[in-house]
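Colleague: Take this structure, written in structure tokens, and hold onto it; I'll ask about it next.
The values are calculated or read from the model by the stated rules, or taken from the named source; none is laboratory data. This is a predicted model, so every value here is computed, not measured. With ideal geometry, Cβ positions are generated from the backbone for all residues, glycine too; neighbour counts draw on all protein chains shown. Side chains included, ligands, DNA and RNA excluded: accessible areas come from the protein's heavy atoms. Shrake-Rupley method; radii C 1.70, N 1.55, O 1.52, S 1.80 Å.
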Amino acid sequence: MTIAEFLCFLNTNEGVFSTIFSGIVMLATVVYAFLTHSLVKETKHMRELQTKPKIEVIAFLKEEFVNIITLRVKNIGLGPALDVCFRLEGESQTDGEKELIQDFSRSQFLMTGLRYLGPGQELQTRYTEITENYSEKIKARLMIEVTYNSSAGKSYKDKIPVYFEEFEGYGTLGTPHLYAIAQSLEKIEKNLDHLATGFKRLKTDTYSEKDRRRERQDLEEKMERYQQNNTNS
């Protein structure tokens, strides 16, 4: 096909090619619009995650006192939690569940709530001794309802189960490292305070010039006796 024939073919089918090209442009526009919508949605989701709080409530055993249990409330989200409210209830309403709720509720923030809980911020409730009424407490199952708002004004409501049967048979060997270090530092601080205030004195052995002269004299006498013995022999 010559150039003249090709140009004639294009002119003859100009409408067909124009329609095809318009279709391609329209398809590209639709794809671009879809990608833009997905990008906007993803950006909105990322922004929401950056301001979204997430409240975690777990039963927490003290390492140094394994019979002591508290509830630890922590914001594990990236945004602050506002107007946090708690409601504790037992699944079976047993005496052990009621006793646990009573012990933990001695913490004022569980009763009145929190106005602000920052990202990574955590609080611990008052403790309960698991050894007291152990058979009832170890079977207790609490359901903790937490409601709170994000800084963007979005409301959240979580129901968090806390089961104490997971701690049955729990124990530790030895003294926890951090607790042992704290005790050692406390003893060092106490001893330094006693020295500074004169309550105790350092026990020291002194070695004076007089002691050195006596030591040299003893050594010379021993050498003199040794030489005399060698001469007599």
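Colleague: Please find, among Asp95, Asp83, the residue that is in contact with an Asp or Glu (Cβ under 6 Å, 6 or more places away or on another chain), loosely packed, with under 14 Cβ neighbours inside 10 Å and among the acidic types (Asp, Glu). Outline the logic, then answer.
Modeller: Numbers: Asp83 fails: in contact with an Asp or Glu (Cβ under 6 Å, 6 or more places away or on another chain).
None of the other options fit; the residue is Asp95.
Colleague: Among the residues of segment 111-119, is there at least one that is β-branched (Val, Ile, Thr) and open to solvent by 60 Å² or more (accessible area, probe 1.4 Å)? Before you say what the answer is, go through the steps one by one.
Modeller: In the first step, residues of segment 111-119 are kept if they are β-branched (Val, Ile, Thr); the result is 112.
With open to solvent by 60 Å² or more (accessible area, probe 1.4 Å) added as a condition, the list becomes 112.
Scanning segment 111-119 turns up at least one residue that is β-branched (Val, Ile, Thr) and open to solvent by 60 Å² or more (accessible area, probe 1.4 Å).
One line per residue, one yes/no per condition, for (1) at pLDDT below 65; (2) on the phi > 0 side of the Ramachandran plot; (3) surrounded by 10 or more Cβ atoms within 10 Å (Cβ to Cβ); (4) in a helix (DSSP H, G or I):
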{"residue": "Gly169", "(1), (2), (3), (4)": "no, yes, no, no"}
{"residue": "Leu173", "(1), (2), (3), (4)": "yes, no, no, no"}
{"residue": "Ala180", "(1), (2), (3), (4)": "yes, no, yes, yes"}
{"residue": "Asn191", "(1), (2), (3), (4)": "no, no, yes, yes"}
{"residue": "Arg201", "(1), (2), (3), (4)": "yes, no, no, no"}
{"residue": "Arg212", "(1), (2), (3), (4)": "no, no, yes, yes"}
{"residue": "Glu224", "(1), (2), (3), (4)": "no, no, yes, yes"}
{"residue": "Gln228", "(1), (2), (3), (4)": "no, no, yes, yes"}
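Colleague: Check off (1) within 27 Å of the chain's Cα centre (by Cα); (2) over 20 Å from Tyr148 (Cβ atoms); (3) without any contact (Cβ under 8 Å) to a residue 12 or more places away in the chain for Arg106 and give me the number that stays unchecked.
Modeller: For Arg106, the failing item is (3).
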